[in-house]
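See structure below.
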Amino acid sequence: MASDDDLLPIRALNDLLFCERRCVLHHREKVWVENRYTLEGTAAHRKVHAEPTDEELGGAGRRSRNVWLRSDRLKLVGVADLVEFRNPPSLDDSRPLLNDAEQQPVPYPIEYKRGQRRRWDNDDVQVCAQALCLEEMLGVGVPSGGVFHFKSRRRREIQFDAKLRALTEQAVARLHELLAGDTVPAPIKKPRCRGCSLYELCLPEVIVQRDRYANYLRQLYKTDTEPPST
């Protein structure tokens with residue numbers, strides 16, 4: 001069994017695939033700054049945890065909110081916003097059951113996100129990691145899950161196929177490697193940097209274009225007089 005000190009938060013995978021620099025600043029350097037987007041996300045999560053609507057819950061079967069998750073194999077720990085426990089297909093269509101395992105409810109993890117679907121895959125990997133934890137904890141396959149987007153008020157289903165599972169395993173390995181190190185990755189300036197809560201501290205333009213700014217400082221403090229000869 002993995003030591004509690006070795007466990008990393010599942011949510012860090014989302015940061016990792018968004019920006020490795022932000023991931024290290026958040027989870028190793030403990031740098032956190034609130035902005036409009038982080039506050040909206042926190043408020044949305046509080047609402048669905050306290051007073052979820054039928055639209056937000058959706059699905060069928062038994063539901064559990066704020067489900068603690070753990071994987072000793074992946075050394076991950078976290079909380080699923082919602083897990084639905086659905087009847088296996090053989091119970092719904094009256095097919096004969098082969099064994100007791102087929103009668104177990106199938107977990108369906110759901111993560112809630114503030115905005116609409118984004119163009120990168122960090123949300124999908126985060127939910128897939130939750131599924132891998134559930135499979136290890138419960139000994140049952142988790143073939144799919146979902147993300148509920150508050151902006152569109154819709155749930156998007158995710159299939160945990162071999163490609164996504166491999167991507168998730170790779171991300172977990174990279175997360176452990178990165179947070180066990182002692183360096184902070186250099187920024188890679190992208191349009192989405194402007195929405196990051198750490199933008200003013202990260203200063204991607206300054207660091208990425210360091211030669212330009214160094215030259216600017218040299219020109220700023222340059223004088224017209226030559227130093228006296230000795």
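Observations on the model:
- Efficiency of FRET between Gln104 and Ser152 - r from beta-carbon atoms, R0 41 angstrom, step 0.05: 0.80
- Inter-site label distance for Ala162 and Thr183 at 7 Å from Cα along Cβ, in nm: 3.5 nm
- Distance between the modelled labels on Trp32 and Asp72, one decimal in nanometres: 2.9 nm (7 Å Cα→Cβ projection).
- Exposure proxy shown here: for Ser71, Ser197, the number of other Cβ atoms within 10 Å sets the order, fewest to most, as Ser197, Ser71.
- Rounded FRET efficiency, nearest 0.05, which uses the C-beta distance separating Tyr221 from Lys190 and R0 of 30 Å: 0.40
FYI, it's all coordinate maths here, none of it is from the lab. Quick caveat, the model's predicted, so the values are computed rather than measured. Cβ atoms come from the backbone with ideal geometry, glycine included; neighbour counts cover every protein chain shown.
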